[in-house]
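Written out below as structure tokens is the structure these notes cover.
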Amino acid sequence: MPSVLVKLISDYSLTYLSLITSISGIRGTIGGKAGDNLTPEDILKYTAAFGWWVKQKLGIPKVVIGRDARISGDMISKIVSGILQSVGIHVIDLGLTTTPTVEMAVSAEGAGGGIIITASHNPANWNALKLLNYRGEFISAEEGNEILKLADSASYQFSEYTLLGSYKISDQQLEAHIEKICSLELVNTEKIKSAHFKVAVDAVNSTGGIAVPMLLKALGIKDIIEINCEPTGIFAHNPEPLPGNLTELATAVKEYEADLGIAVDPDVDRLALVCEDGSMFGEEYTLVAVADYVLRHKVGNTVSNLSSTRALKDITEKNGGLYFSSAVGEVNVVNRMKEVNAIIGGEGNGGIIYPQLHYGRDALAGIALFLSHLAIAGKKCSLLRASYPDYTISKNKIQLTPNVNVGKILSAIEEKYKSQPVNREDGLRIEFGTDWVHLRLSNTEPIIRIYTESQNKAAAEMLAEKILTDIKSLIKKS
């Protein structure tokens, strides 16, 4: 069955896809036919459209690019840099680096935008073009639509030979990124150094294998156990930093008697932690712990998306701040953070956004802030985790096929539970007292995500199963 390009729209219309365009970028599987997958032809038209848009809209013909270690990354990077030059864009190539490093480099270089070549947590056969504006932040939905229209209509032009863009390699930006993290007021390098932490790192054989050990050494940590830290792009396990994928790290933490285990995704914008006893700190609680640390030093507001744990709300209010929610997607969280002047925010997938550094999810900043928190608290990691409200989120998904009408399904679920508080800002979120369920179409995969939260695992899973049964029944009827 052929797949088609999908533009995600508010009425949840959907056809099967393996090439996705959304606020999360141009994402697809490698190989196959143009328009069905992420092929050189697709890379060409979207890159040309973006470069032309940057040049015409902003008048700043300079773009920063960087990539994770995926096998397809080098090939795509060469296409991207060449096409950008062909439309008159000067390219600054960071090579193997992290998503937050590219974001910060856009501002540092005074560029008109950025392209990060990474499919984040997706499997190795995927890759993507993540598009940044001149602030080093993800482009808005409106900006994305402008670029899509340019790409679909081929309304871009290539430059004459005397007007081609230049190309240069910049290998200093990661070091500059780490230096800025270490200089943050709340990053206590002295406390971290004096704590003599032993830390295990699993970087899934991508760029975190370069960046995380470099950061830890800059923070004064000498005892580092590196697991899957060679940036070959051959992922040692599923690259999403979920508990089921971190068993090797948990085993190493216990075997080497480490104080902490650190896991990042391939582009290093998500952070998951493993406690000294091999237990999972929980990716939902990465943001909670770091926010608690920040809020203890300054009262302020926080933001997370609708699929994140309510523990952040509890911690924020306990520290005298106000909590706000947003639609899922980094650009949505950032926009809400700016609206409410939040001092920290992020997403429950281990994404931490700390505005004092930049408006982007940054696992490296999260590591430095968490280690400062752990060092000052003087507790074992497991005891620090036990100090927070204990909620459990059950994360499930349903694979979509061409005949599924997502809009009708969500409307039917909303009607069934119309007596409960409902939020339709992003998909459908239904409150059941302190429990909740959030149903939404993924920005990055052809699935409906089903998140449920309760105060214990059994209750969360029971609520998830209840909603899953409802959805399967509705799909069967349709």
The local net charge around Met104, scoring Lys/Arg +1 and Asp/Glu -1 for residues other than Met104 whose Cβ lies under 13 Å from its Cβ, equals -4
If each part is reduced to its alpha-carbon centroid, segment 197-261 and segment 405-444 end up apart, in Å, by 37
Could you report segment 215-258's accessible area per residue, 1.4 Å probe, as an integer in Å²? 52
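Can you send over the carbon and sulfur percentage of the accessible area for the chain, probe radius 1.4 Å, protein chains only?
Exposed carbon and sulfur together represent 51 percent of the surface.
When a/c reaches 1.5 or more, the comparison of a/b and b/c decides; with that in mind, is segment 415-478 rounded, prolate or oblate per its Cα gyration tensor? Please list the in-between numbers first.
Working: a/c = 1.32, a/b = 1.29, b/c = 1.02.
It comes out rounded by the Cα gyration axes.
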Simple SL model, points at 7 angstrom along Cα→Cβ for Glu257 and Lys472; separation in nm is 4.8
Determine the relative contact order of the chain: mean sequence separation of Cα pairs under 8 Å and six or more apart, normalised by residue count, in whole percent. 13
Could you order Arg449, Arg270 so the one with the most accessible surface comes first? Probe is 1.4 Å. Arg449, Arg270
Tell me the net charge near Asn133. Cut-off is 12 Å between Cβ atoms, Asn133 excluded, with +1 for each Lys or Arg and -1 for each Asp or Glu. -2
Over the Cα atoms of segment 92-169, what Rg and Dmax result, in angstrom? 14.1, 41
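Pairs Lys416/Lys457; Lys379/Lys457; Lys338/Lys416; Lys130/Lys180; Lys338/Lys380; Lys313/Lys472: which exceed 28 Å Cα-Cα?
On the way: Lys416/Lys457 24 Å; Lys379/Lys457 26 Å; Lys338/Lys416 35 Å; Lys130/Lys180 23 Å; Lys338/Lys380 34 Å; Lys313/Lys472 32 Å.
From Lys416/Lys457; Lys379/Lys457; Lys338/Lys416; Lys130/Lys180; Lys338/Lys380; Lys313/Lys472, over 28 Å: Lys338/Lys416; Lys338/Lys380; Lys313/Lys472.
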In debye, nearest 20, what is the charge dipole magnitude of the chain about its Cα centre with +1 on Lys and Arg Cβ and -1 on Asp and Glu Cβ, if you could check? 740
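Counting only C-alpha contacts under 8 Å and six or more residues apart, can you give the relative contact order of segment 178-324 as a whole percent? Could you put the intermediate results ahead of the total?
Details: 264 pairs, mean separation 27.5, N = 147.
Once normalised by length, the contact order is 19 percent.
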For segment 148-163, in order, what is each residue's ³J(HN,Hα) by Karplus, 6.51 cos²θ - 1.76 cosθ + 1.60 with θ = phi - 60°, in whole Hz (x at glycine and Pro)? 4, 5, 4, 5, 5, 9, 6, 8, 10, 10, 8, 7, 5, 4, 7, 10
Stokes-Einstein at 20 °C, 1.002 mPa s, Kirkwood radius from Cα pairs: D for segment 308-375 in µm² s⁻¹? 173
Gained length - Asn423 relative to Ser194, 0.36 nm times residue gap less alpha-carbon distance: 77.8 nm
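Which GluC sites (Glu not before Pro) in segment 185-288 sit in a loop by DSSP (not H, G, I, E or B) and have at most 12 other Cβ atoms within 10 Å of their own Cβ?
Of the GluC sites (Glu not before Pro), the ones in loops of segment 185-288 whose Cβ has at most 12 other Cβ atoms within 10 Å are Glu185, Glu257.
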Segment 177-223 - Kirkwood radius from inverse mean 1/r over Cα pairs (Å): 11.3
Taking a crude spin-label model, label points 7 Å out from Cα along the C-beta direction, the Thr232 to Glu339 distance in nm is 4.6
Phi-based couplings in Hz for segment 165-181 (Karplus 6.51, -1.76, 1.60; Gly and Pro marked x): x, 8, 9, 9, 9, 10, 10, 9, 6, 5, 4, 5, 4, 5, 4, 5, 5
Between Ile447 and Thr162, what length in nm is gained on full extension when 0.36 nm per residue of separation is reduced by their alpha carbon distance? 97.9 nm
Taking every DSSP beta bridge that has both residues in the chain, what percent is antiparallel when rounded to the nearest 5? 55
Separation of segment 320-384 and segment 90-162 by C-alpha centroid, Å? 24
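Please work out how much length the chain gains when fully extended from Glu146 to Phe432, using 0.36 nm per residue of separation minus the C-alpha to C-alpha distance, in nm with one decimal. Kindly include the intermediate steps, with their values, before the conclusion.
Working: separation 286, 0.36 × 286 = 102.96 nm, distance 3.96 nm.
Here the segment from Glu146 to Phe432 would lengthen by 99.0 nm.
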For the residue pair Thr401 and Glu179, what label-to-label distance in nm results when each label sits 7 Å from Cα along the Cα-to-beta-carbon direction? 5.7
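The values are calculated or read from the model by the stated rules, or taken from the named source; none is laboratory data. Just so it is clear, the model here is predicted, and its values are computed rather than measured. Note that each Cβ is placed from the backbone with ideal geometry, even for glycine, and that neighbours are counted across all protein chains shown. SASA here: full protein model, heavy atoms, side chains in, ligands and nucleic acids out. Shrake-Rupley method; radii C 1.70, N 1.55, O 1.52, S 1.80 Å.
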